[in-house]
Amino acid sequence: MAHRRLRLTRRRLALAAFALALAAPLKAAAFGEGGAFNPRLLITGTREPSPRRKTAPGRWSLEVVHRTSAPARLVPTQVRADAVELLAEPFAVWAGSQAPESLTAREITGLRRFIALGGVLLVDELEPSEGSFIKGAKEQLARVLPDGSPIVIGEDNVVFRAFYLLRKATGRVQKDAKLEAIIRGGVAQVIFSPNDLLGALARDAGGAHPFEPTPGGESQREQAIRLAVNIAMYVLCSNYKDDQVHAPFLMRRRGSESP
Amino acid sequence: MTESWAFSGDLGGAFIVVAFCLGGASLVLLLAELFGRRKESAAGLLVGASGVLALGLLMLAVLRPVRVFERSNNVGARLLVLADASRSIDLPADGGTGSRRAVANRALASLRDHFASVRVAQFAFGRGEPVPLEGNDVLRQPMPGSDLSAALEAVARGTDELPQALVIVSDGRLERPSDGAVEAMLRAALGRLSVPIHTVSLATEEPRDASVRSVRLAGSVVAHQPARLEVEVACTGGLVCRDLDIAATELHLGEPSVVRASGVVHMVDGRGTVSLEVTLDRAGRRILEVAIMAPEGDSIPENNRRFVTVDVARDRVRLLHVAGRPTYDVRSLRTWLKSDASVDVVAFFILRTRTDDVGASQDDLALIPFPVDELFTKHLQSFDAVVLQDFDAEPYGLSIHLRRLAAYVRQGGGLIMVGGPNGFVAGNYAQTPLADVLPVSLRGIPEDQAVDLATFAPTLTRAGRRAPVLEPMTNLVGERWPDMPGTNVVGDAREGATVLLEHPRRRTASGAPMPVLALGEYGSGRTIALTVDGSHLLQFSAFASESGGRPHGAFWDAMLGWLMRDPRFEPAVVELPRGCIAGVPTTLQLRALFAEDGAEADVTIERMGSGEKLKQVHVRFAAGDAPASVDVGSLAQGGYTATVRLDRQGSSAPSRHDFACEVGGDEWADPRPDGARLEAIAKATGGVAVSYDGIAKLPLPRATRVVSERRVEAWLPPWSWTALAALAMGGHWFLRRRVGLA
């Protein structure tokens, strides 16, 4: 048997990407990283992302790398809605705890082009008890996509079986077991999470979780991480798990689950 | 010089008849008058005689008779001989000695002797206008078809002197006039030409033979769907046939033939039919060989097999998409494939490796096992193409199937290898059977140098700028490509491959620019190597947004189209205007698309099965749209592939045309001579039907007299006749007065 020399493994590439990102975070990704999952935080108006949740995208990527074969950017970036960089990758996370500022014309144009090219936008409510961000985001997105209105998606949607078999959506809190989405061409392009998904993922500098999931605690956090992984796989594979070849397996497993 | 006379030198026949009628009537009136008045016999006789004389001279004065001096000769009648030059006359002659062609040539010589006194012109006919046989020419090479009606139409509508008779030399196996409608079809062909058609039959005996009479496809053939081949088999000449084994085999280039169906034909009274179910997996032009196992004593083994060209349509492209890990590149390609209604994609993405810690039980996962063995054994042939995207062959058990995958390509399957950290050398494909069907070499590349992390923008090669397959994309974005985040490292393009995109800086070991996008053709299949994993940037990037993300679809649509031999992306079209007859020089016609005037091309002819390269020809296209003709020489019976590369070797993607050469084709399928049809032709036109040894019985058409000099002299001057007539009329009047008549 031939001696196997140094191989390019996924983890080595992830580490290389991590190092590269630290060294030159604004440069283009290395080979194999160009198509890596990157949960970029979307910036609109003058508001900065929640400081305590800035670590959530990195954690999200790390979970994706640990749990799946997918590559992910361990040091995700931020992107402005009116910047041309928004069109560099097909995924962004728009999160907030209060109603967003009214989108500027340039931001509307940027988001409209992002969606038109096939981008996926996750809208995450960081203050589920109030829900003002999601409400405001829907109003603003109605200006971006006048012909699209959110609909409820549940466990029959591919997002709930993109990697894990999930019965409900969750996050830092358990406000709503379902998600909402704006479906275009049969594909969910804007997903609304009302449960503060980033809050469940966030960690502080010491590695501790700054937010305690309620009411389910760590079990709920695990479910939130699984949902985040599913969203990542949905972004990377689209509706792959809707393929007919998967149907009998998934039906069997769904059937074996306890209600 | 001959001498004769005529009643008149200037009056037409009608006037002469009128003159004689009037003269006769006058004579009758005169005799009636004489007998009515009962004159004495002597006087009456005298009056009558003078009257007759006066009448005769009056008529001569009116007609003025002349002497005619002529110089003339007899010219033989024009007779056309139409000799059947189709492939059927290469069948054995009576008694199995020699061919019917030899008999035909002897018959032509006999006809020249027999009709030595007439003007004979001999023609050979096949399909279309007959071809003249000059002097003592004989029938040498077979012509396609045997359409006598077309030959007769050409004769009847020709501007040459019309013939007085026609002689057909044939074995009676004619396309037209067809059996049962001989008279009507002859009438339609000849139009106003009404001449006897004599026939000379070249054979009368049925050869002892078993043959595949016909092969018909019931309906159109669609890839992956069963189609029915209706095959008719017959035995003639007393050959005893019972059950005959039959097989339908698909031919491939450089690969063994594959038996698609087999069966037994049950023969009853020398005839039998069988319906074979064949399923062809590859769309495009395919060559099927249908062959029977003939019993001993078969005198014509060549017609035991027929080659059928089948244009296999594609309902949908059935494509297997295998990706080593989910990325935006995988997402983009999948999204495009799923959006194309003409593509039926079966996808398997590796979502979890053995080292991934999913933190959940199997039942909590929506993951299914990757059925690599099942896919690449049982189901592989059901796919039109396979896409291996950033996929490592080793950990997922694909390595043991690479030989099968390479054979799949050679048998007509398509393969696309898309780059990534697990592609090409990094994916353990070097030194495997699959590497032999990739358009780029993977030799001599260390594993630790299998990828190049440097960002670059691929550049179009000269071939890439001209290739129809990149035209849809260049129409959108020109020659620009977005920056690619690194590439797999590959070697030189393999022989016969076409490089469309290359690395602007990186060189192979030979010093050539490293290929980034290369196309290749191996056996009957095609492969594409794309060494980057950034084609998604054609769909989603600031670059792509300038054209609405359409470059990605344009690029992959063309790639898949080329892989599936979509004519839109073929740089050249190959045709065989006269088909291919085994043993007869064959001519190909090339039409170059998207090539400027004066373009050149290399044409390679290879034998299917063995892959033996038989001929390589270099041709130059003329200005304009005129096709280039390529003489490929005489080919033996079998299937062939003509591969055309425009410009010079490797400069364009190859265009391929599969074709078959048969010895006899349809015309040997039924080797029996058809004397009855020849007799019907002769009978319908008033001709005579004879066999090749009865040419002496053919009637000779009458010769034509041609006057070369003619001189007319009056016997007497006109006034002399008038004076004599006046004197005679005066004498007659005097005698009538003397005997008391008015």
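Does the range B:369-379 contain any residue that is in contact (Cβ under 8 Å) with a residue 24 or more places away in the chain, surrounded by 23 or more Cβ atoms within 10 Å (Cβ to Cβ) and assigned to a loop (DSSP other than H, G, I, E, B)?
Looking through the range B:369-379, none of the residues is in contact (Cβ under 8 Å) with a residue 24 or more places away in the chain, surrounded by 23 or more Cβ atoms within 10 Å (Cβ to Cβ) and assigned to a loop (DSSP other than H, G, I, E, B).
In the range B:393-420, how many are touching a strand residue (DSSP E or B) at 6+ places or on another chain (Cβ under 6 Å), under 29 Å from A:G34 (Cα atoms) and assigned to a loop (DSSP other than H, G, I, E, B)?
Number of matching residues: 1.
Tell me, please, whether a residue that is hydrophobic (A, V, I, L, M, F, W, C), more than 14 Å from chain A (Cβ to nearest Cβ) and in a strand (DSSP E or B) can be found in the range B:441-457.
No, every residue in the range B:441-457 fails to be hydrophobic (A, V, I, L, M, F, W, C), more than 14 Å from chain A (Cβ to nearest Cβ) and in a strand (DSSP E or B).
Quick one: which residue in B:S146, B:S214 is in the same structural domain as B:R271 (by TED's automatic domain parsing) and within 20 Å of the chain's Cα centre (by Cα)?
Residue meeting the stated conditions: B:S214.
Do we find that B:L239 is farther than 28 Å from B:K613 by Cα and touching a residue at least 40 places away in the same chain (Cβ under 8 Å) in this structure?
yes
If you take the residues in the range B:458-483 that are assigned to a loop (DSSP other than H, G, I, E, B) and of a type in the set (A, V, I, L, M, F, W, C), which one is nearest to the other protein chains (Cβ to nearest Cβ)?
B:W481
Give all pairs with beta carbons closer than 6 Å in which a residue from the range A:72-90 that is part of a loop (DSSP other than H, G, I, E, B) meets a residue that is acidic (D, E) and crowded, with 22+ Cβ neighbours inside 10 Å; count only pairs at least 6 apart in sequence or on separate chains.
A:A81/A:E107; A:D82/A:E107
So which strands (runs of 3 or more DSSP E) are wholly in the range B:519-636 and hold at least 1 residues that are assigned by TED's automatic domain parsing to the domain that holds B:G496 and among the hydroxyl-bearing types (S, T, Y)?
Of the strands (runs of 3 or more DSSP E) lying wholly inside the range B:519-636, those with at least 1 residues that are assigned by TED's automatic domain parsing to the domain that holds B:G496 and among the hydroxyl-bearing types (S, T, Y) span B:525-530.
For the range B:124-142, how many residues are surrounded by fewer than 18 Cβ atoms within 10 Å (Cβ to Cβ) and touching a residue at least 40 places away in the same chain (Cβ under 8 Å)?
Result for the range B:124-142: 3.
Tell me which of these B:V222 doesn't satisfy, since it passes every other one: (1) over 22 Å from B:I89 (Cα atoms); (2) among the aliphatic types (A, V, I, L, M); (3) surrounded by 22 or more Cβ atoms within 10 Å (Cβ to Cβ).
(3)
What number of residues within the range B:281-301 satisfy the criterion of being under 26 Å from the mean Cα position of the chain (by Cα) and either among the hydroxyl-bearing types (S, T, Y) or under 20 Å from B:R216 (Cβ atoms) (or both)?
Matching residues across the range B:281-301 total 8.
For the range B:654-731, list the strands (runs of 3 or more DSSP E) that sit wholly inside it and hold at least 2 residues that are surrounded by fewer than 14 Cβ atoms within 10 Å (Cβ to Cβ); which are they?
Those strands (runs of 3 or more DSSP E) span B:704-714.
Considering each residue of the range B:380-410, count those that are free of Cβ contacts under 8 Å to residues at least 12 places away in the same chain and at positive phi, and give that number.
Count: 0.
What are the residues in the range B:252-266 that are surrounded by fewer than 20 Cβ atoms within 10 Å (Cβ to Cβ) and either touching a Lys or Arg at 6+ places or on another chain (Cβ under 9 Å) or closer than 24 Å to B:P567 by Cβ (or both), if any?
Once the filter is applied, which keeps residues that are surrounded by fewer than 20 Cβ atoms within 10 Å (Cβ to Cβ) and either touching a Lys or Arg at 6+ places or on another chain (Cβ under 9 Å) or closer than 24 Å to B:P567 by Cβ (or both), the range B:252-266 yields B:G254, B:H266.
Just one of the numbered conditions (1) under 30 Å from B:G128 (Cβ atoms); (2) outside the structural domain of B:V138 (by TED's automatic domain parsing) is not true of B:I89; which one?
That leaves (2) as the condition not met.
Against the condition away from chain A (no Cβ under 13 Å), of a type in the set (K, R) and crowded, with 24+ Cβ neighbours inside 10 Å, how does B:R526 come out, does it pass?
Criteria met by B:R526.
Quick check on B:V489: is it under 29 Å from B:Q411 (Cβ atoms) and within 13 Å of chain A (Cβ to nearest Cβ)?
Answer is no for this residue.
Residue check: is B:V418 in contact with a Pro (Cβ under 9 Å, 6 or more places away or on another chain) and either charged (D, E, K, R) or within 14 Å of chain A (Cβ to nearest Cβ) (or both)?
In short, no.
Pick from B:T432, B:T498: which is within 14 Å of chain A (Cβ to nearest Cβ) and in contact with a Ser or Thr (Cβ under 9 Å, 6 or more places away or on another chain)?
B:T432
Is at least one residue of the range A:48-66 over 27 Å from B:P482 (Cα atoms), within 13 Å of another protein chain (Cβ to nearest Cβ) and without any contact (Cβ under 8 Å) to a residue 12 or more places away in the chain?
The answer is yes, given that some residue of the range A:48-66 is over 27 Å from B:P482 (Cα atoms), within 13 Å of another protein chain (Cβ to nearest Cβ) and without any contact (Cβ under 8 Å) to a residue 12 or more places away in the chain.
Looking only at the range B:110-120, decide whether some residue is of a type in the set (A, V, I, L, M, F, W, C), out of contact with any His (no Cβ under 6 Å at 6 or more places or on another chain) and surrounded by fewer than 17 Cβ atoms within 10 Å (Cβ to Cβ).
Yes, the range B:110-120 contains at least one residue that is of a type in the set (A, V, I, L, M, F, W, C), out of contact with any His (no Cβ under 6 Å at 6 or more places or on another chain) and surrounded by fewer than 17 Cβ atoms within 10 Å (Cβ to Cβ).
Can you name every residue in the range A:149-177 that is buried (at least 16 other Cβ atoms within 10 Å of the Cβ), away from every other protein chain (no Cβ under 14 Å) and not in a loop (DSSP other than H, G, I, E, B)?
A:I153, A:V173
Does the range B:461-479 hold any residues that are surrounded by fewer than 21 Cβ atoms within 10 Å (Cβ to Cβ) and touching a Ser or Thr at 6+ places or on another chain (Cβ under 9 Å), and which are they?
B:R462, B:R465, B:L476, B:V477, B:E479
In the range B:313-335, which residues are buried (at least 24 other Cβ atoms within 10 Å of the Cβ) and touching a residue at least 40 places away in the same chain (Cβ under 8 Å)?
Once the filter is applied, which keeps residues that are buried (at least 24 other Cβ atoms within 10 Å of the Cβ) and touching a residue at least 40 places away in the same chain (Cβ under 8 Å), the range B:313-335 yields B:H321, B:A323, B:G324, B:R325, B:T327, B:Y328, B:D329, B:V330, B:R331, B:S332, B:L333.
Could you figure out which of (1) more than 14 Å from every other protein chain (Cβ to nearest Cβ); (2) in contact (Cβ under 8 Å) with a residue 24 or more places away in the chain; (3) of a type outside the set (S, T, N, Q) isn't true of A:P146?
Only one criterion in (1) more than 14 Å from every other protein chain (Cβ to nearest Cβ); (2) in contact (Cβ under 8 Å) with a residue 24 or more places away in the chain; (3) of a type outside the set (S, T, N, Q) is unmet by A:P146, namely (2).
Here are some residues: B:T377, B:T353. Which one is of a type in the set (S, T, N, Q) and under 30 Å from A:L62 (Cβ atoms)?
Exactly one residue qualifies, and that residue is B:T353.
Which residues, counting only those in the range B:532-590, are crowded, with 22+ Cβ neighbours inside 10 Å, among the aliphatic types (A, V, I, L, M) and within 14 Å of another protein chain (Cβ to nearest Cβ)?
B:V532, B:L537, B:L538, B:A544
Given the conditions (1) within 13 Å of chain B (Cβ to nearest Cβ); (2) touching a strand residue (DSSP E or B) at 6+ places or on another chain (Cβ under 7 Å), report the number of the one that A:E222 does not fulfil.
If we test A:E222 against (1) within 13 Å of chain B (Cβ to nearest Cβ); (2) touching a strand residue (DSSP E or B) at 6+ places or on another chain (Cβ under 7 Å), just (2) comes out false.
Among the residues of the range B:551-601, what is the count of those that are over 25 Å from the mean Cα position of the chain (by Cα), closer than 16 Å to B:L646 by Cα, of a type in the set (D, E, K, R) and at pLDDT 85 or above?
Number of matching residues: 0.
The values are calculated or read from the model by the stated rules, or taken from the named source; none is laboratory data. Here the structure is a predicted model, which means the values were calculated and not measured. Cβ coordinates were reconstructed from backbone atoms using ideal geometry, including for glycine residues, and neighbour counts include every protein chain displayed.
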